[in-house]
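A quick write-up on the structure given underneath.
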Amino acid sequence: MNKNVLVTGGAGFIGSNFIRYLQENAPETKIINLDLLTYAGSLENLKDLPAPKNYTFVKGDICDQPLVERLLRENQIDTIVHFAAESHVDRSLKGPGAFVQTNIVGTYALLEAARQVWLKENPGSSDIYRFHHISTDEVFGTLSPTDPAFEECTPYAPNSPYAASKASSDHLVRSYAHSFGLPITISNCSNNYGPYQFPEKLIPLMILNALTGKPLPIYGDGMQIRDWLYVEDHCEAIWKIVHEGKLGESYNIGGGNQPPNIEIVKTICAILDELAPTADHTPHEQLITYVTDRPGHDRRYAMNIEKISRELDWQPKYDLKTGLHKTVKWYLENIDWLNAIIEEKDYQNWVQINYQRRDN
Ligand code: NAD
Ligand code: TYD
C-alpha cells in the first residue's frame with residue numbers, strides 16, 4: 001500500500017539519504033519533508049530527486065504543534081519518520097539547551113500532534129498509522145572492551161547531553177504507546193557515515209581536513225570504538241521496521257564494523273593517498289594530530305543486531321572498507337558541496353570554538 005509519509009529532518013544527513021532511498025525504492029510514496037534548515041540542514045542535500053512530483057518541502061519547526069497538526073490533516077499523513085534533532089555530541093557539550101528544545105520538546109510536540117489528529121479525530125483506525133522514532137545507541141552509555149554489545153533490553157545510561165536528550169525522547173515515545181495506544185516503533189542505531197554528512201562528525205571532518213591540509217584532530221588516545229554503519233544500510237533497516245516492525249517495539253541497528261577511531265582515520269588517509277595521489281599533503285597520515293580528549297568521552301559502542309536480523313531479516317550490506325571507499329570518493333566528487341559549508345560563518349565559528357578552546 002502506498003503511504004503518505006511525514007519525514008522530519010529530511011534535509012539533514014540521514015534524512016536526505018532516506019528520502020532518496022524512498023524515492024528509489026518506493027517512488028509512489030508521498031513525502032512531506034518538514035525541516036527547520038538549521039546549520040545542519042540544506043536543500044543542497046536533496047538536489048536531483050528521482051520522483052520530485054511526490055515530494056514537498058516545508059520549512060518549519062517540529063516544536064510548532066499547530067503546524068504539524070495541519071500537515072498531518074492536509075496531507076492525510078499515515079506515517080511519521082522522525083529524524084529531526086540536534087545531533088552532535090560536541091555541540092551538546094557547548095550548548096545543551098538546543099538539544100533539550102528540539103530533541104525533547106520537539107518530539108513531544110510531534111507525538112501530541114499525532115495523538116490529536118490520528119487518535120482523537122480518527123478513533124478506531126490506529127492500525128493504519130505509524131510513528132517511527134529514530135534514536136541512537138548512545139542512550140545505552142558506554143562499554144568496556146570486554147562488555148557484550150548493547151541489546152534492546154540494555155538499561156539506558158546516557159552520558160552526554162545529546163544522549164540524554166535522545167533517551168528522554170525515546171521514553172516519551174514509548175509512553176505515548178503505553179498510555180494512549182499511539183502506534184510507534186523506535187530504532188536505536190550506531191554511528192552512520194556516507195554522502196551528505198555534515199563535516200563536524202569524525203569521518204567527513206577527517207576527509208575535509210585532509211583535503212585542505214589541516215590537522216586531523218584525534219581526541220585522547222584515539223582508541224575509542226564506534227560501530228560504523230553505511231547510511232544506505234540504515235535507510236533500508238528503517239523502511240523495513242516501518243513496514244514490518246512490531247508495534248511498541250524498539251530495534252537495534254548496527255554495522256558490525258568496530259575498529260578504533262585512529263584506524264578509521266588511517267584508512268581514510270590511505271584511501272585519499274590512493275584516490276588523490278598528487279594532492280599536496282600526501283601521505284595524508286602526516287596530518288594526524290592528537291588533541292585534548294572530549295569531556296566524558298564514551299569509550300566503546302557496539303550493537304547486538306540479532307533481533308532485527310531474526311525478526312525482519314535485515315543485515316548490513318556494506319563492510320567498512322567498501323563503504324569508506326565509496327564515501328571518500330563521493331566527497332572528492334562533491335567538493336563544491338563541502339566548500340559551500342566551510343565558507344559559512346557558523347562553520348568557521350564552530351571549528352574555532354571546538355578545536356581551539358577544548359578546555360572551556
Ligand atoms: P543532522 O544533524 O545531519 O540533521 C538533522 C536535521 O534536523 C537537519 O536537517 C536540521 O535542519 C533538522 N532540524 C533540527 N532541528 C529541527 C527542528 N526543530 N525542526 C525541524 N527540523 C529540525 O542529523 P543526522 O545525523 O542526519 O541524524 C538524524 C537522526 O538520526 C537524529 O535523530 C539522530 O539523533 C539520529 N542518529 C544519528 C546517527 C548518526 O551517526 N548521524 C546515529 C544514530 C542516530
Ligand atoms: P562523532 O562523529 O562526533 O560521533 P559520536 O560522538 O556521536 O560517536 O565522533 C566519533 C568518534 O570520533 C568519537 O569517539 C569522537 C571521535 N572524534 C575525534 O577523535 N576527533 C574529532 O574531531 C571528532 C569530531 C570526533
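The values are calculated or read from the model by the stated rules, or taken from the named source; none is laboratory data. All values reported here derive from a predicted model rather than from experimental measurement. Don't worry about glycine lacking a Cβ; one is built from the backbone with ideal geometry, like all the others, and counts go over all protein chains shown. SASA here: full protein model, heavy atoms, side chains in, ligands and nucleic acids out. Shrake-Rupley method; radii C 1.70, N 1.55, O 1.52, S 1.80 Å.
One table, with the values for the structure above:
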read-out	value
DSSP beta bridge pairing in the chain, given as percent antiparallel to the nearest 5	5
Exposed trypsin sites (Lys or Arg not before Pro) absent: longest stretch of the chain, with sites in DSSP loops and at most 12 other Cβ within 10 Å deemed exposed	48-245
Rounded to 10°, Cα long-axis angle of helix 320-333 versus longest principal axis of the chain	80
Convex hull of Cα atoms in the chain, direction-averaged projection (nm²)	16.9
Segment 285-336 shape via C-alpha gyration tensor axes, a/c threshold 1.5	oblate
Qualifying GluC sites (Glu not before Pro) in segment 50-131, DSSP loop, other Cβ atoms within 10 Å at most 14	GLU121
Angle between the chain longest axis and helix 345-356 axis [Cα atoms, degrees, rounded to 10]	60
Cα long-axis angle, helix 161-180 against the chain (0 to 90 degrees, to the nearest 10)	20
Selected from ALA109, LEU6, ILE241, residue furthest toward positive end of dipole (the chain; charges at beta carbon)	ALA109
Hits among lysines - C-alpha to C-alpha of LYS3 under 24 Å, sequence gap 8 or more where chains match	LYS30, LYS47, LYS53, LYS59, LYS120, LYS240, LYS246
For the chain, size of Cβ-based charge dipole, Lys and Arg +1, Asp and Glu -1, in debye	420
22 Å Cα-Cα reach of LYS94 towards lysines, excluding residues that sit fewer than 8 places from it in its own chain	LYS166, LYS201, LYS345
Contact order relative to length of the chain, as percent, for alpha carbon pairs under 8 angstrom and 6 or more apart	17
Whether segment 1-128 is rounded, prolate or oblate, judged on the alpha carbon gyration tensor where a/c under 1.5 counts as rounded	oblate
Heavy atoms of HIS284 accessible to a 1.4 Å probe, total area in Å² rounded to 10	0
